[in-house]
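Enquirer: Below you will find the structure I want to go over with you.
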Amino acid sequence: MNFKRIIVWFRNDLRTRDQEALYKACQTGAEVIPVYCFDHRHFEPTALGFPKTGNYRAKFLLESVKDLRDNLIDLGGNLILLRGKPEVEVITFAERMEADAIFFSEEVSAEELNVDKSLEKAAWSKGIATESFWQSTLYHIDDLPFPVSQTPEVFTQFRKSVEKMASVRSTYPQPSSINFPSKERLPLEGTIPDLNTYGLEEPEAEHRSVMQFDGGESAGLRRIQAYFWEEDRLKAYKETRNGLIGADYSSKFSAWLALGCISPRTIYEEVKRYEKERKKNQSTYWLVFELIWRDYFRLICKKHGTRVFHIGGIKHQKDSWRRDSADFQRWCEGMTGVPFVDANMRELKYSGFMSNRGRQNVASFLVNDLGIDWTWGASYFESQLIDYDVCSNWGNWMYVGGVGNDPRENRYFNILRQGKNYDGNGDYVRLWIPELAAIKGFDIHHPWELSTTELKSAGVILGDTYPQTMVDLAGVY
Ligand SMILES: Cc1cc2nc3c(=O)[nH]c(=O)nc-3n(C[C@H](O)[C@H](O)[C@H](O)COP(=O)(O)OP(=O)(O)OC[C@H]3O[C@@H](n4cnc5c(N)ncnc54)[C@H](O)[C@@H]3O)c2cc1C
């Protein structure tokens, strides 16, 4: 179809490379107007009272939008910023600009799909064409060897099937230039809001953070460069990925992937290049393996729709969860009295990030040891994580909560054993729980087993300087 003027509506795809919607719009030869709409619903409080988007992710989002605008300006375009409901504002803007098409990325979860439907309906009624593009996964949805409704419930089956029968498409290049309308035609380009607009405060600088996460495509590409090429960490990823401290035990790509600042295919191509130029081993494969997990949760979300947010999950489990606000609050604040859990929860609270090992442990503790509603945990993560991704978060929580598609019946994490295996000397706990720092070695993981004299010499009074444990974890480790 021949279009005269196309709106490219950016969502969780804040990049200019491997951006099919932008690339295809530019290819048509039409005038192209990139647009982003700040949707206030993303910042509203949840039923539990947390902001849906907390300050770490909000800051990262604002930086990403700014970087996208800069990159689009470099290509001869700009990014028009709107505020409100995209299904209303993008349409009004398209009408005002006499655009005849809107291009955008396809999403999978309920809230986004509702927005898509309303936008498409409104566009149709105004005679504006819409085209959506699937561009968030490693494997393209059209290349899967099964229809989405038949996505295997077990990850290994899913992985083996896609690895055998599908291949990863090449990335789209960055458009060489954008045919942007002349200034006289355009309304004001709009300003980027600040955190105050959404009642959020600037996060405080935290020197213990694994790294500084700067939002945007440029920073995401720099991170790939640093992790793969400068620090040369990919070749050891499989051995280091369960680490807890510092930037390089894992890729830290998640925040950029979540907002689409970098695409999984871009990472894949860099892995292939690394394998050719540096080394190919189990570690280089393993990073791709993890990206397949990401695809898998996205497709499971698409397959099961709103069920992934239901208390019974996709297994329709009976609701027998506890809803004790005080206990839940102690978990959120990192005050459970179980140091490995508290260290991880404090890292999340003070930095917006937590390792995969940490996430599995604190989630298991909440659902298995405290018996608290898994959706509360997922909701807190949604607010707090800098890399929150609707499918990866709710999919993983369903898994840990035992209401997802895990073939294993009980995914219980023995916290002390985990602490022993992954933080044997207690350095991670010491980093985030300074009030226990004087306890030597692994003993820091179980202060309740120390004598009064030992505690006293470390300056610890349980129930005073550090909480008594909420659960009895005595046992094997
Ligand atoms: C309870 C729980 C909640 C989670 N919530 C999120 C979330 O909201 N957003 C998110 O991106 N990840 C989530 N994860 C998955 C995982 O913990 C993070 O992706 C990972 O820790 C991010 O660090 P990284 O980029 O260094 O990962 P790496 O180990 O370097 O992995 C590379 C990439 O693979 C993907 N990946 C790795 N593990 C998983 C996984 N288990 N599920 C899906 N994708 C994965 C991520 O995109 C990650 O960036 C969650 C895990 C658990 C157990």
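Enquirer: For the stretch 1-37, enumerate the residues that are touching a Leu at 6+ places or on another chain (Cβ under 7 Å) and hydrophobic (A, V, I, L, M, F, W, C).
Expert: Answer for the stretch 1-37, where residues must be touching a Leu at 6+ places or on another chain (Cβ under 7 Å) and hydrophobic (A, V, I, L, M, F, W, C): VAL8, PHE10, LEU14, VAL35, CYS37.
Enquirer: Let me confirm something: among THR197, THR137, THR151, THR156, which residue is more than 30 Å from TYR296 (Cβ to Cβ) and polar (S, T, N, Q)?
Expert: That would be THR197, the only listed residue that is more than 30 Å from TYR296 (Cβ to Cβ) and polar (S, T, N, Q).
Enquirer: I'm trying to understand the selection: among the residues of the stretch 219-240, which are basic (Lys, Arg) and either out of contact with any helix residue (DSSP H, G or I) (no Cβ under 7 Å at 6 or more places or on another chain) or at positive phi (or both)?
Expert: ARG222
Enquirer: Take the stretch 127-144 and flag every residue that is open to solvent by 50 Å² or more (accessible area, probe 1.4 Å) and part of a loop (DSSP other than H, G, I, E, B).
Expert: GLY127
Enquirer: Please work out if GLY220 is at pLDDT 95 or above and either among the small types (Gly, Ala, Ser) or more than 16 Å from the ligand (Cβ to nearest atom) (or both).
Expert: Yes; evaluated as a whole, the condition is true for this residue.
Enquirer: Within the bounds of the stretch 67-75, is there any residue that is within 21 Å of SER218 (Cα to Cα) and under 19 Å from the mean Cα position of the chain (by Cα)? If you could, list the steps in order and put the result at the bottom.
Expert: First pass over the stretch 67-75, keeping only residues within 21 Å of SER218 (Cα to Cα): 67-75.
Retained after the next criterion (residues that are under 19 Å from the mean Cα position of the chain (by Cα)): 67-68.
Checking the stretch 67-75: at least one residue is within 21 Å of SER218 (Cα to Cα) and under 19 Å from the mean Cα position of the chain (by Cα).
Enquirer: Which is of a type in the set (Ser, Thr, Tyr), modelled with pLDDT under 95 and either near the ligand (Cβ under 8 Å from one of its atoms) or assigned to a helix (DSSP H, G or I) (or both), of TYR412, TYR399?
Expert: TYR399
Enquirer: Okay, next question. Those residues that are away from the ligand (no atom under 13 Å from the Cβ) and open to solvent by 50 Å² or more (accessible area, probe 1.4 Å), I need them from the stretch 232-244; list them, please.
Expert: Correct list: LYS235 only.
Enquirer: Is it the case, given these coordinates, that SER182 is of a type in the set (Ser, Thr, Tyr) and modelled with pLDDT under 95?
Expert: So SER182 passes the test.
Enquirer: Which residue pairs have Cβ atoms under 9 Å apart, sit 6 or more places apart or on different chains, and have a first residue in the stretch 201-221 that is of a type in the set (S, T, N, Q) and a second that is open to solvent by 40 Å² or more (accessible area, probe 1.4 Å)?
Expert: SER209/TYR350; GLN212/ALA205; SER218/ASP70
Enquirer: In this structure, does LEU195 turn out to be within 25 Å of the chain's Cα centre (by Cα) and in contact (Cβ under 8 Å) with a residue 12 or more places away in the chain?
Expert: Yes.
Enquirer: Another question, then. Is one or more of the residues making up the stretch 245-256 free of Cβ contacts under 8 Å to residues at least 12 places away in the same chain and not polar (S, T, N, Q)?
Expert: No, there is no match, as no residue in the stretch 245-256 is free of Cβ contacts under 8 Å to residues at least 12 places away in the same chain and not polar (S, T, N, Q).
Enquirer: I want to confirm something. Restricting to the stretch 376-386 and keeping residues that are within 8 Å of the ligand (Cβ to nearest atom) and open to solvent by less than 10 Å² (accessible area, probe 1.4 Å), which single residue is nearest to GLN329 (Cα to Cα)?
Expert: Within the stretch 376-386, the first condition is being within 8 Å of the ligand (Cβ to nearest atom), and the residues that meet it are 377-378, 381-382, 385.
Now drop any that are not open to solvent by less than 10 Å² (accessible area, probe 1.4 Å), which leaves 377-378, 381, 385.
Values: GLY377: 10, ALA378: 14, PHE381: 13, LEU385: 17 Å.
Ranking the qualifying residues of the stretch 376-386, first place goes to GLY377.
Enquirer: Show me the helices (runs of 4 or more DSSP H) found entirely inside the stretch 266-363 where at least 3 residues are touching a Pro at 6+ places or on another chain (Cβ under 9 Å) and either over 25 Å from LEU431 (Cβ atoms) or open to solvent by less than 30 Å² (accessible area, probe 1.4 Å) (or both).
Expert: 282-304, 339-351
Enquirer: Which condition does ILE439 not pass, out of (1) open to solvent by less than 20 Å² (accessible area, probe 1.4 Å); (2) in a helix (DSSP H, G or I); (3) more than 28 Å from SER251 (Cα to Cα), if it passes all the others?
Expert: It fails just one condition, (2).
Enquirer: Something else: If you go through the stretch 118-126 one residue at a time, do you hit one that is in contact with a Pro (Cβ under 8 Å, 6 or more places away or on another chain), surrounded by fewer than 16 Cβ atoms within 10 Å (Cβ to Cβ) and farther than 28 Å from ARG307 by Cβ?
Expert: Among the residues of the stretch 118-126, not one is in contact with a Pro (Cβ under 8 Å, 6 or more places away or on another chain), surrounded by fewer than 16 Cβ atoms within 10 Å (Cβ to Cβ) and farther than 28 Å from ARG307 by Cβ, which makes the answer no.
Enquirer: Being near the ligand (Cβ under 10 Å from one of its atoms), small (Gly, Ala, Ser) and under 18 Å from the mean Cα position of the chain (by Cα) narrows it down to one residue among SER209, SER251; which is it?
Expert: SER251 is the lone residue from the list that is near the ligand (Cβ under 10 Å from one of its atoms), small (Gly, Ala, Ser) and under 18 Å from the mean Cα position of the chain (by Cα).
The values are calculated or read from the model by the stated rules, or taken from the named source; none is laboratory data. Model, not experiment: these values are computed from the prediction. Glycine also receives a Cβ, built like all others from the backbone with ideal geometry; neighbour counts cover every protein chain displayed. What goes into the accessible areas is simple: the full protein's heavy atoms, side chains included, and nothing from ligands, DNA or RNA. Shrake-Rupley method; radii C 1.70, N 1.55, O 1.52, S 1.80 Å.
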